Every structure is written in structure tokens, then in C-alpha cells.
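What follows is a short report on a single structure.
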Amino acid sequence: MATYTEEVGNKLNGLLEKNYDAEKGYTKAAENTKHAGLRTFLIVKHWKEKLLVTILSQRLELLVKM
């Protein structure tokens, strides 16, 4: 049976993967659209996901150090 810390770490890892994939997806979509408004929206979404990836990574590092 996993400890609470392991369980939380596993969930954070899952979220980290999903957000990293989303970040890449928004970047690719922004590169492939010709509509300026949509491109701006996708770039903003990319940066929000990038920030979330950074925050989740930091939290995961703190959890590992516990």
C-alpha cells in the first residue's frame, strides 16, 4: 500500500504530464493557425500551462525532499 506522500506524488506526476502535453499542444496549434486572434489565445494558454508545469515541478521536488 502506498503512503500518502507517494500517492500525492503520483497524482502530481500525472498532472505534470498532462500539463506538459497541453503546453506542447498549444504551442503546436499556435504555430499552425493563420488566425491572429486564435494564435494569441493559444500562446496565452501555452504560457499558463508552462507556469502550471513549473509550479507542479517545484511542489513535486519539495515532496520528494520530505
Where a residue in segment 13-42 is more than 27 Å from Arg59 (Cα to Cα) and its partner, wherever it lies, is modelled with pLDDT of 95 or more and among the basic types (Lys, Arg), with Cβ under 6 Å and at least six apart:
Ala30/Arg39; Thr33/Arg39
Would a scan of segment 8-22 turn up a residue that is more than 30 Å from Lys65 (Cα to Cα) and out of contact with any Pro (no Cβ under 6 Å at 6 or more places or on another chain)?
no
Kindly provide the set of residues from segment 29-39 that are surrounded by 12 or more Cβ atoms within 10 Å (Cβ to Cβ) and part of a helix (DSSP H, G or I), ordered by number.
Ala29, Ala30, Leu38, Arg39
Which of the residues that make up segment 45-59 are surrounded by fewer than 16 Cβ atoms within 10 Å (Cβ to Cβ) and under 20 Å from Thr3 (Cβ atoms)?
Arg59
Do we find a residue being surrounded by 12 or more Cβ atoms within 10 Å (Cβ to Cβ), among the polar types (S, T, N, Q), at pLDDT 90 or above and not in a helix (DSSP H, G or I) anywhere in segment 11-19?
no
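The values are calculated or read from the model by the stated rules, or taken from the named source; none is laboratory data. Computed from a predicted structure; not experimentally measured. When we count neighbours, we look across all protein chains shown, and the Cβ atoms used for this are built from the backbone with ideal geometry, even at glycine.
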